[in-house]
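Below you'll find the structure, written out as structure tokens, and then a few comments.
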Amino acid sequence: MEQKLNMAKDKYVIVVVGPTAVGKTDLCVNLATHFNTEVVSADSRQFYKEMQIGTAKPTLAEQKAIPHHFVDSHSIAEEYNAGAYEQDALQVLDKLFKDHDVVIVTGGSGLYVRALCEGMDEMPETDPEIRTALTAKLEAEGLESLLARLQQLDPVYYSQVDKANPQRVIRALEVCLSSGQPYSSFRKSDKASRPFRTIKIGLTRDRQELYNRIDQRMDQMLQQGLLEEAKALYPYRSHNALQTVGYKEIFDYLEGKYDWEEAVRLLKRNSRRYAKRQLTWFTKHPEEYTWFHPQQWQEIVDFIVRKLGS
């Protein structure tokens, strides 16, 4: 049943975040049905139509029941980043707000959520050859050598960066080396103005409950054919979207770095670690999000309605 609202002409984005396998998709489909609206994905891997199994996209039935934007919207052959997503997603929201006062935005990619809600930092142009050289250095010497260089060039950002994420480290270094300035000097603290208000909800579960769900999801993905999907995507393995949990472990297996049993173990372990990093990102600013268990349906709806009326 559609929720009847007593509200002004303000437009609202309900942001739903949380770690992988926590239950974001189910909740957002129910919220979109309840508030008679649509869902905008802020998941950096669900954009790619070739990545079906390893990205836990909404099912075809869910997408048929509720329109989902930025799911299967791009090809893996394209490079797509948070800055481009910011501009594209704002245009989609502008269209949706012609028919809806409320739109759901969801994902586990904190950078993309922030880009849409607050804006991206203005970064200088970088020399693509520098990225190529840094990537080669990563492969030859490992992440520690890049971290040592970042600590030297930008100790401020070094203290903040996710030190297990090579893409973030390489991105910061290429800006430092291209511009001659610290990456942190280009990161602004001012939020961009937006023609909508945000209501931010975080979903979480007991750690063991979440880890069990992650393990079950990995088993299900493997049964659905994740190995075959990864084989088809192998030619694109250097693409940023594929340098992530769920594909990288299988690429390493295909290259003979370890056996299948070890690949499955690492898939599960790294997925659990990824979930922990996601939670760390979203809890850095505890005042931004109000946290719920995904099964607290009535509490979540009541919270949203109160915010819409305030």
task: Do me a favour and compute the ellipsoid semi-axes for region 151-310 from its Cα gyration tensor, root of five times each eigenvalue, largest one first, whole Å.
output: 32, 28, 14
field: Relative exposure of SER179, SER145, SER159, SER184, judged by other C-beta atoms within 10 Å (fewest first)
entry: SER159, SER145, SER179, SER184
task: Set the Förster radius R0 to 41 Å, insert the Cβ-Cβ distance between ALA232 and GLN87 as r into 1/(1 + (r/R0)^6), and round the FRET efficiency to 0.05.
output: 0.85
Burial order of peptide ranges 227-237, 281-291 (average beta-carbon count within 10 Å, highest first): 227-237, 281-291
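So which of LYS191/LYS276; LYS137/LYS200; LYS95/LYS191; LYS24/LYS257; LYS49/LYS95 end up more than 32 Å apart, counting from Cα to Cα? Walk me through the intermediate numbers first.
Details: LYS191/LYS276 26 Å; LYS137/LYS200 39 Å; LYS95/LYS191 22 Å; LYS24/LYS257 34 Å; LYS49/LYS95 23 Å.
Too far apart for the 32 Å limit: LYS137/LYS200; LYS24/LYS257.
Can you sort GLU118, GLU86, GLU209 from fewest to most other Cβ atoms within 10 Å of each residue's own Cβ?
On the way: GLU118 16, GLU86 19, GLU209 12.
The fewest-first ordering by Cβ neighbours comes to GLU209, GLU118, GLU86.
Compare the peptides 20-28, 200-208, 74-82 by average per-residue count of other Cβ atoms within 10 angstrom and give them in order, highest first.
Values: 20-28: 21.8, 200-208: 17.6, 74-82: 14.8.
The most tightly packed comes first, giving 20-28, 200-208, 74-82.
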- prompt: Which of ILE53, ILE130 comes first, and how do the rest follow, when ranked by fewest Cβ neighbours within 10 Å?
  reply: ILE130, ILE53
- line: A student asked for the Cα radius of gyration and Dmax of region 128-186 in angstrom ought to give 10.2, 29
- prompt: In degrees, nearest 10, range 0 to 90: what is the angle between the Cα axis of helix 260-282 and the longest Cα principal axis of the chain?
  reply: 60 degrees
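Using only helices, what value at 222 nm comes out for the chain when you add -39,500 (n - 2.57) per DSSP H run of length 4 or more and divide by the total residues, to the nearest 500 deg cm²/dmol?
Numbers: 13 runs with 153 residues, N = 310.
Helix contribution divided over all residues of the chain: -15000 deg cm²/dmol.
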field: Rg and Dmax [Cα atoms of region 1-157; Å; Rg one decimal, Dmax integer]
entry: 18.8, 60
task: In Å and from the alpha-carbon atoms only, list the Rg and Dmax of the chain.
output: 19.9, 61
task: Mind jotting down the distance between the C-alpha centroids of region 7-78 and region 252-291, whole Å?
output: 20 Å
- request: Rounded to the nearest 10 degrees, what's the angle between the helix 128-141 long axis and the longest principal axis of the chain, both from Cα atoms, 0 to 90?
  value: 70 degrees
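Rule-based calculations on the coordinates, nothing more; no lab input. Being a predicted model, the structure only gives us computed values, none of them experimental. Positions of Cβ are backbone-derived with ideal geometry, glycine not excepted, and every protein chain shown enters the neighbour counts.
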